[in-house]
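For reference, the structure discussed in these notes is given below.
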Amino acid sequence: MTTAAISVDKLNVSFGDSHVVKDLSFEVRPGESYGLVGESGSGKSTVLRVLSGLNHEWSGQVAIEGKSQPKHRGKAFHRAVQMVFQDPYGSLHPKKTVDDALAEPLAIHGIGDAQARIGRALSDVGLPASFRFRFPHQLSGGQRQRVAIARALVLEPPILLLDEPTSALDVSIQAEVLNLLSAIRKERNLTYILVSHDLAVVGHMCERLMVMQFGRCVEEMDVEALAARKPQTAYAQQLLTASEGFRRAG
Amino acid sequence: MTEIRAPMAGEPPLLEVDNLKVDFHTATGIVHAVRGLSFSLGRERLGIVGESGSGKSMTGRAILDLIPHPGVVTADRMAFRGRDLVQMERKERRKLRGRHISMVMQDPKFSLNPVETVGNQIAEAYRIHRKAGGREARERSLAMLEAVQIREPARVYDLYPHEVSGGMGQRVMIAMMLIAEPEILIADEPTSALDVTVQLQILKILDELVSERGMGLIFISHDLHLVQSFCDRVIVMYGGKVMETLPAAELADLSARDRRHPYTRGLLGCLPDLDHPQAKLATLTRDPAWLA
Amino acid sequence: MSDTSLKSGGWHDWLITNEPGSRRQARLGQLYRQWLALRRNPAAMAGLFIVLGLLLVAAFAPLVAPYDPLVQSLGERLRPPSSANWFGTDALGRDIFSRVVYGTRVTLVIVLLVVITVGPIGLLIGCAAGYLGGWVDTVLMRITDVFLAFPRLVLALAFVAALGPGLENAVIAIAFTAWPPYARVARAETLVIRKADYISAVRLQGASQWRIVWRHVVPMCMPSLIVRTTFDMAGIILTAAGLGFLGLGAQPPIPEWGAMISAGREQIFDQWWVATFPGLAICVVALGFNLLGDGLRDVMDAR
């Protein structure tokens, strides 16, 4: 049995009085793409923030590649796990060029050869070299998201956390970004955790998924069960039906 | 699927728009947001779909005179039940707006006054358009809150906008827009900020308003699935132009897909689909000829 | 307004390009774009001309001024404005125009010294308090509140009274009283910025807190602080003039505008020009900085 890329055991998160994640446990195998699905307030994004180390207020066990993680992560952790955020307009520093954004992680970790690495990162996400010194305001939403993906990949982490990476994009741009993410995963054998409210996106990108509600796991299932419309629980069924559009009572 | 209800014979359509244009005069030149849009609206659910920058929101705003400063709206004709809005005095047009034509925006948080209770805001809307007394306005507002399926209207009446959830805020907005009993409601992404289950409840309310009260609804959205399942007719916009207008049922009809405009086909093709998994999603190739 | 598109010069194209070839070109292009935006604002350009004029006059004061500002000539005292003495002469027979011209140097020194001390202090305290939060925030902000609780001139007066009158002490006193609003502004901005995803992204890259504050938070606070500074220039000049007027700032015979007004107040009804011209100078310069600040705010806030 191989060690899980990510394993979460009895995770609890509270903000003040509200208990937003309750006794959550799951494992993600290396190279797997795992979806977290739920409506707002389900705690799915909070789980991602705990995994990434952005949130320090939690209890339970979080292990990355077999190593149990403290609340405050060290530098080695950041080379193993990176994240792509939902809003491409908020995730890039408005006063830094693409080049600055990609150079920063390399500088923090003292990695040389920055010039070549930045060039490669840009071509990996399908951006022309001429975009290198643009500011975010000179990029479209889809291009920004590509820069954000390049920034996450420049440290070559084996694990990528994706927080609704395409929900702010038009559907045609969404398709391009999802294709890019799939291609990169295949090429580098990455492990993904994808948070989304869109079951079709999760169905397309993931092998397994967890449906969450009110901070709890409602159901864990394979994507085949999703495609066959055969969830075990009523809530998952309801979510699946709702995602198929409007139905007139009749 | 309900059939498309065309306007009754002899009755003019609720809204006719002919060659609508919205231009923005900026420092770097003129931006054409909407380039010659024509359609007519009966007592039906008309969907306008498109990606960002397609001009779909601008269309809704232009009908209500809500285009901000550097924008200029022109149209050969824009008629509400046969009365041409273009020829009309600005003051008269303003009277029509709110009373007969109303709009619901995407985010209720930005459309509600934060320092006034939601109930008072609804009552205020009623009093402006109906010149009614305070008591009557309150009663009508409570009834309206009930109509949009708010469980404890009397309690919600006294809440401030920050105290209500997103779904409830959107219902309050709808109640406010509908209390004057408009004949046309323009809903600009009314459910995009909401969870799917809440989304469907809101749509149900809108749906009943159309079928029971005979209101005309313009439903502006980026969500093809939603539009094809909810609307009667759909206008597909791209770059400020209409690509095609079609019955919503044909949008969903897979066998009819080849007859669709390439842009529509492209949009449908790049959506991930649980029933037809693909290793790679199709991407959209934009043809400059579409905008010619 | 000249149409910029008519200028097909190589520089313009090089700066305005959407595909800059280097970091430097990107930055210069950004500045150039802001300059183009600023140029479209007539009020801001008027402000800029006044400020530039002030700089030029200060730099070339010996060439501009017809007389030595310090040489007294008791035979020529209190002469009204004439072709020989454009602004007239003061009670000691000194040429007021020359004194106003040399006064620009004093004013500029005060303004620059205050700004280079106040800006960084306010920025660092504000950003650190805002980003680190917790007890650091509490301590720093309570100190700031203490300073903010006093009217600026009164506090400056107290400092000068303790330190003794003089130009340097006036600068120190003004600096002491001017930083709290900067810290407040920087903190307020930081509180918004720290929640942004781009800050989370750098945290995820493993950056240290100081690196985040210094390299990512501070650049975002800069525009509002620069704008605030230009607005504040007028206030600083007025406070300096106020101290000068009360005899606690620059000491005679230094040609400081506030002190000149103070000296002219006894003759204000009979020899109006003695106090009027330095007053006008203060008014024009303060207005210039304000107009420029207003224009800069419009340009820098737009992204």
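The values are calculated or read from the model by the stated rules, or taken from the named source; none is laboratory data. Values in this document were obtained by computation on a predicted structure and should not be read as measured data. Don't worry about glycine lacking a Cβ; one is built from the backbone with ideal geometry, like all the others, and counts go over all protein chains shown.
What are the pairs with Cβ atoms under 9 angstrom where one residue, in segment A:69-89, is of a type in the set (Val, Ile, Thr) and the other, located anywhere, is in a loop (DSSP other than H, G, I, E, B)? Sequence gap at least six, or different chains. Note: pairs meeting the criteria are A:Val81/A:Gly53; A:Val81/A:Arg73; A:Val81/A:Pro157; A:Val81/A:Pro158; A:Val84/A:Ser91; A:Val84/A:Pro165. Apart from one condition, A:Leu209 fits all of (1) more than 8 Å from chain B (Cβ to nearest Cβ); (2) free of Cβ contacts under 8 Å to residues at least 60 places away in the same chain; (3) surrounded by 15 or more Cβ atoms within 10 Å (Cβ to Cβ); (4) not β-branched (Val, Ile, Thr); the exception is (2).
Do you know which of the residues in segment B:104-122 that are touching a Leu at 6+ places or on another chain (Cβ under 9 Å) and at pLDDT 90 or above is surrounded by the fewest Cβ atoms within 10 Å (Cβ to Cβ)? Looking at residues that are touching a Leu at 6+ places or on another chain (Cβ under 9 Å) and at pLDDT 90 or above, I get B:Thr117. Restricting the first member to segment B:264-278 and to residues that are more than 7 Å from every other protein chain (Cβ to nearest Cβ), and the second to residues that are of a type in the set (D, E, K, R) and not in a loop (DSSP other than H, G, I, E, B), the beta-carbon pairs closer than 9 Å and six or more apart or on different chains are B:Thr264/B:Glu244; B:Thr264/B:Arg257; B:Arg265/B:Arg257; B:Arg265/B:Asp258; B:Leu268/B:Arg257; B:Gly269/B:Arg257. Is there a residue in segment C:220-232 that is at pLDDT 85 or above and of a type in the set (Phe, Trp, Tyr)? No, segment C:220-232 contains no residue that is at pLDDT 85 or above and of a type in the set (Phe, Trp, Tyr). Might you check whether a residue that is in a loop (DSSP other than H, G, I, E, B) and surrounded by fewer than 21 Cβ atoms within 10 Å (Cβ to Cβ) occurs anywhere in segment A:168-184? Within segment A:168-184 (the criterion being in a loop (DSSP other than H, G, I, E, B) and surrounded by fewer than 21 Cβ atoms within 10 Å (Cβ to Cβ)), the answer is yes, since at least one residue qualifies.
Okay, residues lined up against (1) surrounded by fewer than 16 Cβ atoms within 10 Å (Cβ to Cβ); (2) in a strand (DSSP E or B); (3) touching a Pro at 6+ places or on another chain (Cβ under 8 Å); (4) modelled with pLDDT under 90:
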site	(1), (2), (3), (4)
B:Val210	no, no, no, yes
B:Leu246	no, yes, no, no
B:Asp258	yes, no, no, yes
B:Pro277	yes, no, no, yes
B:Ala289	yes, no, no, yes
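Across segment B:82-119, the qualifying residues are those that are part of a loop (DSSP other than H, G, I, E, B) and within 18 Å of the chain's Cα centre (by Cα), and the one among them that is nearest to B:Gly216 (Cα to Cα) is B:His100. Of all residues in segment B:219-252, those that are within 14 Å of another protein chain (Cβ to nearest Cβ) and of a type outside the set (A, V, I, L, M, F, W, C) total 9.
Yes/no matrix, rows are residues, columns are (1) part of a helix (DSSP H, G or I); (2) surrounded by 14 or more Cβ atoms within 10 Å (Cβ to Cβ); (3) of a type in the set (Phe, Trp, Tyr); (4) within 14 Å of chain A (Cβ to nearest Cβ):
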site	(1), (2), (3), (4)
C:Leu38	yes, yes, no, no
C:Ala44	yes, yes, no, no
C:Leu48	yes, yes, no, no
C:Leu54	yes, yes, no, no
C:Pro62	yes, no, no, no
C:Pro69	no, yes, no, no
C:Arg79	no, yes, no, no
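Checking C:Ile254 against (1) surrounded by fewer than 23 Cβ atoms within 10 Å (Cβ to Cβ); (2) assigned to a helix (DSSP H, G or I); (3) under 22 Å from the mean Cα position of the chain (by Cα), only one condition comes out false. Which one? The number of the failed condition is (2).
Determine whether A:Ile193 is at the interface with chain B (Cβ under 10 Å from one of its Cβ atoms) and either buried (at least 22 other Cβ atoms within 10 Å of the Cβ) or not in a helix (DSSP H, G or I) (or both).
Numbers: at the interface with chain B (Cβ under 10 Å from one of its Cβ atoms): no; either buried (at least 22 other Cβ atoms within 10 Å of the Cβ) or not in a helix (DSSP H, G or I) (or both): yes.
Taking the combined requirement at face value, the residue does not satisfy it.
Please enumerate the residues belonging to segment B:154-166 that are in a helix (DSSP H, G or I) and buried (at least 19 other Cβ atoms within 10 Å of the Cβ).
Passing the criteria: B:Val156, B:Tyr157, B:Pro161.
When restricted to residues that are more than 7 Å from every other protein chain (Cβ to nearest Cβ) and more than 20 Å from A:Leu169 (Cβ to Cβ), segment A:78-108 contains 9.
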